[in-house]
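Everything below concerns the one structure shown next.
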Amino acid sequence: MSFAVVEGKPISQIPLDLYIPPDALEVILEAFEGPLDLLLYLIRRQNLDILNISVAEITRQYMQYIELMQVIQFELAAEYLVMAAVLAEIKSRMLLPRQSSDEEEEQDPRAELIRRLQEYERFKQAAMDLDNLDRLNRDFWIAKASAPQMSREKPLPDVKLQEMLVVLSTVMRRAERFGHHHIQLEPLSTRERMSQILERVSGSGDRFIPFVALFTAQEGKLGVIVTFVAVLELLRENLVEVVQSDSFAPIHVKAAA
């Protein structure tokens, strides 16, 4: 039976000039990964409970496996021999007679082995669960794709003047819908100014009031126009009289009789 394959050729004998450092040896079995794995296999094959294993039967099968492995130079795997010694010790301790007082104080010789088997079983199951997970580059692959580099010049649109005018008219009609009108009262009212002039000339009796005295310079041009229009309206309604003694002479106003 070959124990290694080098460049496709099986090797069944170790070369005499081959030097193996003490810490470079790694025993890899096809079915078992260590002595605890072998024990767990033997227990499961007999459908036994780990908490109630038969040390004698397990030890017998374990030793049969070691004898089989010795044919292929299994003496290099010292851990299996150590486990065989542990099983032999547990078997001997269980065969020795014990007094009743010692049975209460002494712990079951199988307890430490059972604890190690349970712990190994948990780690082995966790390793199997991790191995069943999807793995990158084994169960799935990441695909990458890049868009091709394309350089294309965008031509400017060919717009005619007539089309621009049509669009402009559309925008103007749309703007008219949002027009705002601000309506406010006139600061000077013609009717109000007529009442003020009539009240002033009526209060002076039959005396004349200079025409220029009816105007107020602080009101500006708008005040002059409103006052002038108010006097004309009063004259049209025959409510005041306007007299002038000579050409270019001062004009005077008084209330009508």
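The values are calculated or read from the model by the stated rules, or taken from the named source; none is laboratory data. Fair warning: this is a prediction, and the values are worked out from it, not measured in the lab. FYI the Cβ positions are ideal-geometry reconstructions off the backbone, even for glycines, and counts take in every protein chain you see.
Worth a mention:
- The condition of being modelled with pLDDT under 85, acidic (D, E) and either surrounded by 10 or more Cβ atoms within 10 Å (Cβ to Cβ) or part of a loop (DSSP other than H, G, I, E, B) (or both) holds for only one of E119, E153, E192, that being E153.
- Meets criteria (surrounded by 10 or more Cβ atoms within 10 Å (Cβ to Cβ), at negative phi, among the charged types (D, E, K, R) and at pLDDT 80 or above) for K124: yes
- Residues of segment 212-221 that turn out to be farther than 18 Å from S195 by Cβ and in contact (Cβ under 8 Å) with a residue 24 or more places away in the chain, as a count: 1
- Scanning segment 233-247 for residues that are among the polar types (S, T, N, Q) and either surrounded by 14 or more Cβ atoms within 10 Å (Cβ to Cβ) or free of Cβ contacts under 8 Å to residues at least 12 places away in the same chain (or both) yields Q244, S245, S247.
- Matching residues, segment 122-149, being assigned to a helix (DSSP H, G or I) and either among the small types (G, A, S) or more than 30 Å from I58 (Cβ to Cβ) (or both): A126, A127
For (1) among the hydrophobic types (A, V, I, L, M, F, W, C); (2) modelled with pLDDT of 75 or more; (3) in the same structural domain as Q13 (by TED's automatic domain parsing); (4) touching a Phe, Trp or Tyr at 6+ places or on another chain (Cβ under 6 Å), each residue gets a yes or a no:
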residue: N47; (1), (2), (3), (4): no, no, yes, no
residue: L51; (1), (2), (3), (4): yes, no, yes, no
residue: V55; (1), (2), (3), (4): yes, no, yes, no
residue: T59; (1), (2), (3), (4): no, yes, yes, no
residue: A77; (1), (2), (3), (4): yes, no, yes, no
residue: M83; (1), (2), (3), (4): yes, yes, yes, no
residue: V86; (1), (2), (3), (4): yes, yes, yes, no
residue: K91; (1), (2), (3), (4): no, no, yes, no
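- Test set (1) surrounded by 10 or more Cβ atoms within 10 Å (Cβ to Cβ); (2) modelled with pLDDT under 70 - S101 fails condition number: (1)
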